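The values are calculated or read from the model by the stated rules, or taken from the named source; none is laboratory data. None of the values given here were measured: they were computed from a predicted structure. Cβ placement follows ideal geometry from the backbone for every residue including glycine, while neighbour counts extend to all protein chains displayed.
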Amino acid sequence: MKELVISKNDGGQRLDRFLKKYLAAAPLSAIYKLIRKDLKVDGRRCREDHILSEGEVLCFYVTDEEHETWTKKKEHKKAKRQFRIIYEDENVLIVSKPFGLLVHGDKNEKKDTLANQVIDYLIETGAYDPRAEKSFVPSPAHRLDRNTTGTVVFGKNAEALRELAALLREDGAVSKFYYTIVHGRLTDTVRLKGKLLKDEERNVCRVLPESDERGKYIETVVRPVYASEDARGSGRNASGLTLVDVELVTGRSHQIRAHLASIGHPLAGDVKYGGKRTPVPGTDMVLGNTTQALHAYKIRFNRAEGLLEYLGGQSFTAPLPQEWEELQKGSFGKAVIG
């Protein structure tokens, strides 16, 4: 018989999800059979959707060989640190992600990711000890695309990570700000509202009227910062470029790209949403090819409760990456922001 005491970081999750993490190498069939026949929580049988609490005791029957095999952790290969720390306390770590780095691994890259680099840093500083944890791993509360730079927030303990995820799901609780470059000329601040409907097969979104019953509500504020001398018009007649400051009131996947495209100002180089591949004069950069002009420069916690209440009203800013200076000079003849 094996006995486990649920720690603070293990509590607050479903029994089956905890076991999938703790017995990571076990077949799913074995985990659910264990729950049905060979496991008790504080001396009683529980369903797979039982929410674990700190201090509860799990008793279950597996052989020593099965336990050793199923709990054996994969060898962790250290990744070279590339991120910059913006803010850190005992609960959260806010970092600036560089261009070209995945937040999580994919089928082509599993080692060199932002998540792995942050884990290495937390192990080095003593903030995370993987040997002392049964299921928890510090993780990002949200993602950025590989070629989007800027702020990413990590939860350093399970409670903080849950609260961050809840805040980011709650419309209006957190605002994210981005710099990007769009086709055409924008002269006035616009507040865009609508519904975002995703075509899963094509992985592309379209913006519907706010009154439409389909899709998820989106709200985006676009503030023009600077336009190139040749910037004109919108849509098919657009020429030149405008640097804009975008505030995400809601945070949906593809929201910036789809919303700006819907008003005739797609992101420069964003061919999926009507943009054109755009060489940057005086550089080897091509928007839509080697560079994605999207920088998540600030995150603001409008409100927060519980463990993270102290974050309410605070903003955190990521400095512009070096390549943005070249990008601005090539697009506008000078660095407008920096």
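Condition check ((1) buried (at least 16 other Cβ atoms within 10 Å of the Cβ); (2) under 18 Å from the mean Cα position of the chain (by Cα); (3) of a type in the set (Asp, Glu); (4) at pLDDT 90 or above) across all residues:
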residue	(1), (2), (3), (4)
Leu114	yes, yes, no, yes
Ile119	yes, yes, no, yes
Glu124	no, no, yes, yes
Asp129	no, no, yes, yes
Glu133	yes, no, yes, no
Pro138	yes, yes, no, yes
His142	yes, yes, no, yes
Asp145	no, yes, yes, no
Thr151	yes, yes, no, yes
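One residue is enough: does the stretch 205-213 have a residue meeting the conditions out of contact with any Ser or Thr (no Cβ under 6 Å at 6 or more places or on another chain), touching a residue at least 24 places away in the same chain (Cβ under 8 Å) and either at negative phi or surrounded by 17 or more Cβ atoms within 10 Å (Cβ to Cβ) (or both)?
There is at least one residue in the stretch 205-213 that is out of contact with any Ser or Thr (no Cβ under 6 Å at 6 or more places or on another chain), touching a residue at least 24 places away in the same chain (Cβ under 8 Å) and either at negative phi or surrounded by 17 or more Cβ atoms within 10 Å (Cβ to Cβ) (or both).
Answer with yes or no whether Lys134 is among the charged types (D, E, K, R) and outside any strand (DSSP E or B).
Yes: the conditions hold for Lys134.
Which residues, counting only those in the stretch 160-204, are of a type outside the set (Asp, Glu), touching a Pro at 6+ places or on another chain (Cβ under 8 Å) and surrounded by fewer than 16 Cβ atoms within 10 Å (Cβ to Cβ)?
Listed by number, the residues that qualify are Thr187, Thr189.
How many residues are hydroxyl-bearing (Ser, Thr, Tyr) and either touching a His at 6+ places or on another chain (Cβ under 9 Å) or more than 21 Å from Lys176 (Cβ to Cβ) (or both) when one looks only at the stretch 276-331?
Of the residues in the stretch 276-331, 4 are hydroxyl-bearing (Ser, Thr, Tyr) and either touching a His at 6+ places or on another chain (Cβ under 9 Å) or more than 21 Å from Lys176 (Cβ to Cβ) (or both).
Output the residues belonging to the stretch 228-267 that are in contact (Cβ under 8 Å) with a residue 60 or more places away in the chain and small (Gly, Ala, Ser).
Ser228, Gly251, Ala258, Ser262, Gly264
Would you check if Gly172 is part of a loop (DSSP other than H, G, I, E, B) and either small (Gly, Ala, Ser) or closer than 24 Å to Pro140 by Cα (or both)?
Yes; evaluated as a whole, the condition is true for this residue.
Output the residues belonging to the stretch 174-206 that are of a type in the set (A, V, I, L, M) and either farther than 14 Å from His265 by Cα or more than 22 Å from the chain's Cα centre (by Cα) (or both).
Val174, Val182, Leu186, Val190, Leu192, Leu196, Leu197, Val204
Given the criterion over 26 Å from the mean Cα position of the chain (by Cα), surrounded by 18 or more Cβ atoms within 10 Å (Cβ to Cβ) and in the same structural domain as Leu327 (by TED's automatic domain parsing), identify the matching residue among Ala258, Ala238.
Exactly one residue qualifies, and that residue is Ala238.
Being touching a Ser or Thr at 6+ places or on another chain (Cβ under 8 Å) and touching a residue at least 40 places away in the same chain (Cβ under 8 Å) is the filter here, so list the residues in the stretch 185-204 that pass it.
Answer for the stretch 185-204, where residues must be touching a Ser or Thr at 6+ places or on another chain (Cβ under 8 Å) and touching a residue at least 40 places away in the same chain (Cβ under 8 Å): Arg185, Leu186, Leu192, Gly194, Lys198.
Condition first: under 33 Å from the mean Cα position of the chain (by Cα) and either over 18 Å from Ala132 (Cβ atoms) or touching a residue at least 24 places away in the same chain (Cβ under 8 Å) (or both). Can you find one or more residues in the stretch 36-44 that meet it?
No, the stretch 36-44 has no match at all.
Within the stretch 278-290, is even one residue modelled with pLDDT of 95 or more and hydroxyl-bearing (Ser, Thr, Tyr)?
no
Of these, Thr125, Thr149, which one is among the β-branched types (Val, Ile, Thr), outside the structural domain of Ser7 (by TED's automatic domain parsing) and in contact with a Leu (Cβ under 8 Å, 6 or more places away or on another chain)?
When all the criteria are applied, what remains is Thr149.
Could you check the stretch 55-79 and list, in sequence order, the residues that are of a type outside the set (Lys, Arg) and surrounded by fewer than 14 Cβ atoms within 10 Å (Cβ to Cβ)?
Matches in the stretch 55-79: Gly55, Val57, Tyr61, Thr63, Asp64, Glu65, Glu68, Thr69, Glu75, His76.
Go over the candidates Arg232, Arg206, Arg214, Arg162 one by one and state the one that is in contact with a strand residue (DSSP E or B) (Cβ under 8 Å, 6 or more places away or on another chain), in the same structural domain as Glu90 (by TED's automatic domain parsing) and either among the polar types (S, T, N, Q) or more than 24 Å from Tyr297 (Cβ to Cβ) (or both).
One residue alone meets the criteria, Arg162.
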